[in-house]
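Heads up: the structure comes next, in structure tokens.
The values are calculated or read from the model by the stated rules, or taken from the named source; none is laboratory data. Note that this is a predicted model, so its numbers are computed, not measured. Here Cβ is always computed from backbone atoms with ideal geometry, including for glycine, and neighbour counts include all displayed protein chains.
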Amino acid sequence: MLWLLAFAPTLAVQDEEPRAPREQFETLLEDWKSFVAELRAGPAELESDEARQRFYQEGKKRERELYARALGLASDHPHDTAAVDALVWVVYQGQPPERETALKRIIGDHIRNPRLKPALSDVSMRRVNMNQDSPLYESMLRSVMETNPDRETQGLACFRLGQLLRLRADALQRLEQFPTYYRRVYERYGLGPEEMQQLRLRTPEDLNMEAEKLFERTIKEFPHVEDLFYPGRDDVSLGTLEDGARKELYELRHLAVGRVAPEVEGEDVDGRPMKLSDHRGKVSVIVFWGTWCGPCMQEVPHERSLVERLKDEPFVLLGVNGGDEDRERVKQVMQAEGISWRSWWDGKTQDGPIATRWNVDVWPTLYVLDPAGVIRYKDIRGEQLDVAVDTLLKEMEAGAATHP
């Protein structure tokens, strides 16, 4: 069967002399590319679920073998530049526990090496965030920021640490708001009781305060350093660290839980004027969505039921449609899907003026506002959205009873 052949080890002629570390690392990268290509193409050839399951199990085994080769290379040649590159590769490409091993070796032996930049990419940080090796990654960032002699590497570490702390603050807020649900979510990321306890050592306010200082330092000391999305993806530009830091500061100061939401003013899909502040006095849910976005459309049935259930309550759901090129088609989809609530039209791209001001880079993005327009919840779904809205409605009812 084809799946038996997909991950067969490559036969290599044994050289009389051991290959140089750099050559070993380049071969590893080529083997990784072949592995990824086979992983993507393989399932199309398989007819049964059992065969696909065996295929993926074999793939996971092969993946771990490649990580082990990289760590072995770093152990065998600790003073070679290929060792650093191999450890960095495991950090931005690997999984726990191999990533933990790589981080420990970098912290212990290579923290001043200027070749660490790929481990400080945007994707690297987001893959580590809220995983069991997140504290080790934080330790690496702090050490690099303070001791690495390369200015660009320092700047990336400073900015990335601010992002890591802000994201951790968001995660901790969700854990405080919905402890049972998010404890299960974070456990799936490998966070056990010890890691969960460590997460709670700092408050969201404390984490955000340090993040804010790090972003301010980034702007002051490293404004012109180019941000790094992902190693080898030069086609994706994130701009300078100053650009990113200013965006993060805006997030903290205007879009964080507890802040009054920015005004939204424009026209809806039908061309009628539409303004967020017109809905003050109601619990408001704002959803950034597009018909092109599968996860957005999957949420529509639940949003529809929420609107129907609360039709007689001081509640409103408002959409911001972005990325749809055909305005008429959006209207047709809204009618077909029973989307009765209004949506701002934010243009044909995903970076329209409203989405840009609200720092939207993930679709859907969702905010829940109280009657005063204060952001109380962010990016919750399903049952958690119901609980959040009902909680705010009960607060309104209690307030009205206290001050008739």
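Among residues of segment 169-211 being among the charged types (D, E, K, R) and more than 19 Å from the chain's Cα centre (by Cα), the one that is farthest from Val144 (Cα to Cα) is Glu176. Identify the single condition in (1) touching a residue at least 24 places away in the same chain (Cβ under 8 Å); (2) within 30 Å of Phe222 (Cβ to Cβ); (3) not β-branched (Val, Ile, Thr) that Leu141 does not satisfy, given that it satisfies every other one. Exception for Leu141: condition (1). Restricting the search to helices (runs of 4 or more DSSP H) fully inside segment 123-239 and requiring at least 1 residues that are β-branched (Val, Ile, Thr) gives 134-147, 151-177, 179-188, 204-221.
Figure legend. Inter-residue proximity from segment 214-225: first residues modelled with pLDDT of 95 or more, second residues outside any helix (DSSP H, G or I), beta-carbon distance below 8 Å, spacing 6+ or different chains. Indicated pairs: Pro223/Thr240; His224/Thr240; Val225/Thr240.
Being in contact with a Phe, Trp or Tyr (Cβ under 6 Å, 6 or more places away or on another chain) and either surrounded by fewer than 19 Cβ atoms within 10 Å (Cβ to Cβ) or at pLDDT below 85 (or both) is a description that does not apply to Gly72. Condition test on Ala372, is it small (Gly, Ala, Ser), modelled with pLDDT of 95 or more and closer than 22 Å to Ala171 by Cα? No, not satisfied. Would segment 87-96 turn up any residue that is crowded, with 20+ Cβ neighbours inside 10 Å, polar (S, T, N, Q) and not assigned by TED's automatic domain parsing to the domain that holds Glu152? Looking through segment 87-96, at least one residue is crowded, with 20+ Cβ neighbours inside 10 Å, polar (S, T, N, Q) and not assigned by TED's automatic domain parsing to the domain that holds Glu152. When we screen Gly352, Gly347, Gly382 for residues that are over 18 Å from Glu263 (Cα atoms) and either among the small types (Gly, Ala, Ser) or surrounded by fewer than 13 Cβ atoms within 10 Å (Cβ to Cβ) (or both), the only hit is Gly382. Evaluate the following for Ser340: is it in the same structural domain as Glu395 (by TED's automatic domain parsing) and under 16 Å from Leu385 (Cβ atoms)? Considered against the rule, which asks whether it is in the same structural domain as Glu395 (by TED's automatic domain parsing) and under 16 Å from Leu385 (Cβ atoms), Ser340 comes out as no. Answer yes or no: is there a residue in segment 207-222 that is surrounded by 17 or more Cβ atoms within 10 Å (Cβ to Cβ) and among the β-branched types (Val, Ile, Thr). Checking segment 207-222: at least one residue is surrounded by 17 or more Cβ atoms within 10 Å (Cβ to Cβ) and among the β-branched types (Val, Ile, Thr).
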